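Here the structure comes first, spelled out in structure tokens, and everything after it is commentary.
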Amino acid sequence: MRDEIEKYINENYDTLQEYPWNEHPNYTTFKHKDNKKWFALIMDVPFEKLKIDKEGIVNVINLKNIPEMIGGLRNEKGILPAYHMNKEHWITVLLDGTVLKEKICELINISYELTSKRLIII
């Protein structure tokens, strides 16, 4: 699913995709071109670091969201407290099929808007 999500972001947003860490060559950030703010970070992390009792590594995406919505989102299967980010403003979403692609795309859209220069309040 990681490839599909990266494709969605690159096709729908005029952004900068970067691989900023030599020690983590599979970690990629997506930033706005104008203000350079991140709105998505895709990583591959061991399940155990996410406190999931499972062997292996999983692709995840970190996304910004409205603090008032984060508690409810984290009650959904596959949506976790942010890994290595501010847990009040960010969530981690599993990219293993647990969360539907449509839901992930909705969350990407929210993160993009929250980090853009022009904030649209709904």
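The values are calculated or read from the model by the stated rules, or taken from the named source; none is laboratory data. What you see is a predicted model, and the numbers here were worked out from it, not measured in a lab. Here Cβ is always computed from backbone atoms with ideal geometry, including for glycine, and neighbour counts include all displayed protein chains.
Assorted remarks:
- Of the set (1) of a type in the set (A, V, I, L, M, F, W, C); (2) surrounded by fewer than 16 Cβ atoms within 10 Å (Cβ to Cβ); (3) part of a strand (DSSP E or B), all apply to M69 but (3).
- Test: residue in segment 95-107 that is within 12 Å of the chain's Cα centre (by Cα), closer than 21 Å to W21 by Cα and modelled with pLDDT of 95 or more: yes
- Complete set of residues in segment 99-122 that are assigned to a loop (DSSP other than H, G, I, E, B) and either hydrophobic (A, V, I, L, M, F, W, C) or loosely packed, with under 15 Cβ neighbours inside 10 Å (or both): V99, L100, K117, R118, L119, I120, I121, I122
- Checked against the criterion of being of a type in the set (A, V, I, L, M) and at pLDDT below 95, segment 33-40 contains not a single residue that satisfies it.
- Candidates K36, K54, K77, filtered to the one that is in a loop (DSSP other than H, G, I, E, B), of a type in the set (K, R) and touching a Phe, Trp or Tyr at 6+ places or on another chain (Cβ under 7 Å): K54
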